[in-house]
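Report on one structure; see the data block that follows.
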There are 2 protein chains.
Amino acid sequence: MSDHAAKELLYDALAQAAKALSNGRRAELVDVLAQGERPVEELATEIGQTVANTSQHLQRLLRSGLVKTRREGTSVYYSLSGPVVHELWRAMRQSAEEHVAGLQQIVDDYVGDRSQLRTITRDTLQARLRDGNVVVLDVRPGPEYAAGHIRGAISIPVSDLTSRLGEIPEDAEVVAYCRGPYCVYADDAVRIMTGNGLEAARLEDGFPEWAAAHLPTEGRSP
Amino acid sequence: MSDHAAKELLYDALAQAAKALSNGRRAELVDVLAQGERPVEELATEIGQTVANTSQHLQRLLRSGLVKTRREGTSVYYSLSGPVVHELWRAMRQSAEEHVAGLQQIVDDYVGDRSQLRTITRDTLQARLRDGNVVVLDVRPGPEYAAGHIRGAISIPVSDLTSRLGEIPEDAEVVAYCRGPYCVYADDAVRIMTGNGLEAARLEDGFPEWAAAHLPTEGRSP
DNA sequence: TGTCTATTCAAGAAAACCATTGAATAGCAC
DNA sequence: GTGCTATTCAATGGTTTTCTTGAATAGACA
C-alpha cells in the first residue's frame with residue numbers, strides 16, 4: 001500500500017469518530033446516554049424518533065465504537081463505551097459553544113431566560129454538603145436516577161414535582177440538578193419550588209460533570 | 001417555535017462542529033493546522049488534493065468556526081481558531097484510538113515499526129534540557145518551524161537531513177520531534193541519524209502537545 | 001492601466017446519508 | 001410448540017456530501 005493511501009486511511013478512520021457525532025439525533029442520543037445506560041425504546045421517545053430510526057442511529061454509534069450494548073431479557077441497553085467518549089462530547093460542546101456562530105442564541109432560545117434562577121457551582125454544592133443543611137434533588141426521569149445519581153440525592157422527576165412537593169423537607173435549601181447545560185428540567189423545578197415558597201437553586205451543570213469530576217455518586221453507574 | 005423544534009435545532013447546531021471534522025481530508029487539515037497557520041496552496045499539497053477542493057474544505061471548517069483566516073498580500077493564511085479546537089482534536093484522536101475498531105492496526109501500517117527507535121517523553125526532555133547536554137531537532141517542513149517551535153530547537157527538515165548532518169553537534173544527544181503521534185518525520189530522522197553513528201531519540205509527541213502544555217516555545221505561534 | 005497569482009465560486013455526477021415503511025428475528029411467557 | 005414484545009433488517013426516495021472541471025475575483029506589482 002502506498003504511503004499516501006495509508007495516510008488517507010488513517011485520517012478517514014479518525015474522522016469516523018466525528019462522523020458518529022455529526023448528526024443532530026445522534027448527538028442527542030450521546031447526550032442522553034451520558035446520563036447512563038438506556039434501552040432502545042426509551043431512547044426513541046427521548047429523541048422523538050421512531051424506534052427503527054433510533055435503532056439505526058444507535059448501530060451507527062456502535063460501529064464507530066462510541067457506545068456499547070448489554071442485553072437483559074428482551075431489552076438491549078446502550079451506554080457510552082468509556083470516559084474518553086464523555087470527554088469527546090464535552091470538548092465538542094465547548095468548541096461548538098465557543099466557535100459555532102449563533103449557537104449561543106439557539107441555546108438561549110431553547111433554555112429560555114435563566115437570569116432569575118439562582119445557580120450554584122459544583123464547588124459551592126460540595127461545600128454546602130459538608131455543612132449539611134441542603135437537600136439535593138434529582139429531577140431527571142426515574143430511569144436516569146436509577147442509572148446513577150449524586151450521592152444522597154432524592155429523586156422527584158420534574159413531571160411529578162407539583163404533586164410531590166410535600167416530600168421535600170422545608171427547613172433545608174434545595175439544590176436541583178438534571179442532565180447538564182442544555183437540560184431545562186432543573187430550571188423548571190426551581191421555578192415550581194420558588195413559586196411555592198421554597199428556597200431553591202439549580203446546579204450549574206449536571207450529573208455527568210459531577211461523575212466525571214469523581215465526586216461521590218450512587219447507583220448502577222460505572 | 002415548539003420546544004421540540006428548538007431542541008432539534010440546538011443539537012443540529014452542536015452536530016455542526018462534528019460535521020466539520022467528519023471528513024478525512026478535513027481531519028488532515030486540522031492536524032496540519034495544529035502546527036500553525038498556513039496558506040491554502042501549501043495545505044493543498046500537504047493533503048494531496050487540488051487547490052479548489054482544499055479551499056472548499058477550508059471554507060467548511062471556516063463556516064463551522066473551527067478555523068480562522070488572515071490575509072497577507074495575495075495569500076490567505078488559515079489557522080485553528082482557539083485552544084478548544086486543539087482540545088477537541090486531541091479528544092477525537094483519543095476516542096478514535098481507544099474505540100474505533102482496527103484503528104491501531106491502521107496506525108501501525110502507516111507509521112511502521114517503532115520498537116527499534118528510542119523514544120523519550122516530554123517530561124524526560126524537560127529534564128534533559130535543564131541538564132543542558134541535548135540538541136533538540138525540529139524535522140518538520142520549514143514553514144511549520146517558522147510558525148512556532150520548541151524553544152532552542154534547530155530546524156533541519158527531514159528531507160534535507162542527509163545532506164545537512166554536519167550541522168549537528170557531535171558531542172550531544174539529539175532529540176528529534178515533528179507533528180505528533182501520527183507523524184513519521186521524526187522516526188525517519190532518528191533512523192537516518194543512528195545509521196550515521198549519532199546518538200538520537202524521538203520525542204513521543206509533537207509540537208502541539210508541547211505548546212498545549214505551556215512549555216517554552218519560540219516563533220510566531222500565538 | 002493591465003498582467004499575474006492565490007484563492008474562491010459554480011455546476012455536475014457519483015456516492016453517502018437519513019427518515020420512512022413494512023417485514024424479519026430473538027428471547028420471554030405461557 | 002404459540003403468542004408477544006423489543007429490536008433489527010431491508011428497500012425506497014429525497015437530501016447532502018464530495019471531488020472534478022473550468023471560470024471568476026481580488027489584491028500585488030509593474
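Take every Cα pair under 8 Å whose residues are at least 6 apart in sequence, average their separation, divide by the length of region B:74-189, and the relative contact order is 24 percent. Protection proxy ranking of A:124-131, A:142-149, by the mean of other Cβ atoms within 10 Å over each peptide's residues and highest first, is A:142-149, A:124-131. Leaving out ligands, DNA and RNA, what percent of the accessible area of the protein assembly as shown is carbon and sulfur, probe 1.4 Å? For the protein assembly as shown, the apolar C and S fraction of the accessible surface comes to 48 percent.
Here is how far apart the A:Thr124 label points are across copies: 4.7 nm, shortest first, using a point 7 Å from Cα toward Cβ. Which percent, nearest 5, of DSSP beta bridges in region A:95-221 are antiparallel? Of the beta bridges lying entirely in region A:95-221, close to 15 percent run antiparallel. Determine the percent antiparallel among the DSSP beta bridges restricted to chain B, to the nearest 5. Taking every DSSP beta bridge within chain B, about 45 percent pair in antiparallel fashion. Counting only DSSP H runs of at least 4 residues, each contributing -39500 (n - 2.57), and dividing by the residue count of chain A, the helix-based mean residue ellipticity at 222 nm comes to -15000 deg cm²/dmol. Positive-end ranking of A:Val84, A:Ser159, B:Thr45 along the dipole of the protein assembly as shown, with charges on Cβ about the Cα centre, is headed by B:Thr45. For chain A, a Gaussian network of Cα nodes joined below 10 Å ranks A:Ile106, A:Ile150, A:Ile47 by mean-square fluctuation, and the top entry is A:Ile106.
Shown for A:Ala52: label points 7 Å from Cα along the beta-carbon vector, and their distances to the equivalent points in the other copies, 4.0 nm in ascending order.
For chain A, the longest principal axis of the alpha carbon atoms and the long axis of helix A:3-21 meet at an angle near 30°.
Helix B:83-99 axis versus longest C-alpha principal axis of chain B: approximately 80°, rounded to the nearest ten.
Between A:Pro169, A:Pro157, A:Pro141, the GNM of chain A built on Cα springs shorter than 10 angstrom shows A:Pro169 fluctuating the most.
Using heavy atoms of the protein chains and a probe of 1.4 Å, the accessible area assigned to B:Tyr77 is about 50 Å². Based on Cα contacts under 8 Å between residues 6+ apart, chain B shows a relative contact order of 18 percent. Between A and B, buried accessible area from a 1.4 angstrom probe totals roughly 4500 Å², ignoring ligands, DNA and RNA.
Between copies, the label points of B:Gly73, set 7 Å from Cα on the Cα→Cβ line, lie 7.2 nm apart, reported in increasing order to one decimal in nanometres.
When chain B is treated as a Gaussian network with alpha carbon springs shorter than 10 Å, the biggest mean-square fluctuation among B:Ala201, B:Ala91, B:Ala27 belongs to B:Ala91.
Nearest 10 degrees is fine. How inclined is helix B:51-63 to the longest principal axis of chain B, computing both from alpha carbons? Orientation of helix B:51-63: about 60 degrees from the principal axis. Inter-chain Cβ neighbour count for A:22-33, averaged per residue, equals 5 (cutoff 10 Å, partner chain atoms only). Pairs of C-alpha atoms in chain A farther apart than 22 Å represent 56 percent of all such pairs. Where a ≥ b ≥ c are the square roots of the eigenvalues of the C-alpha gyration tensor, would you call region B:108-218 rounded, which needs a/c under 1.5, or, failing that, prolate if a/b is larger than b/c, or oblate? Rounded. If a/c stays under 1.5 just call it rounded; otherwise compare a/b with b/c (prolate if a/b is bigger, oblate if not). Do that for the protein assembly as shown, with a ≥ b ≥ c from the square roots of the Cα gyration tensor eigenvalues. In terms of gyration-tensor shape, prolate. Ranked by solvent-accessible area (1.4 Å probe, protein heavy atoms only, all chains present), the residues B:His214, B:His86 order from largest to smallest as B:His214, B:His86. Averaged over peptide B:83-94, the number of partner chain Cβ atoms lying within 10 Å of each residue's Cβ comes to 6.
The values are calculated or read from the model by the stated rules, or taken from the named source; none is laboratory data. The model shown is predicted, which means the values in this text are computed figures rather than measured ones. For neighbour counting, all protein chains shown are included, and Cβ atoms are generated from backbone atoms with ideal geometry for every residue, glycine included. Surface areas here come from the heavy atoms of the whole protein model, side chains and all, with no ligands, DNA or RNA. Shrake-Rupley method; radii C 1.70, N 1.55, O 1.52, S 1.80 Å.
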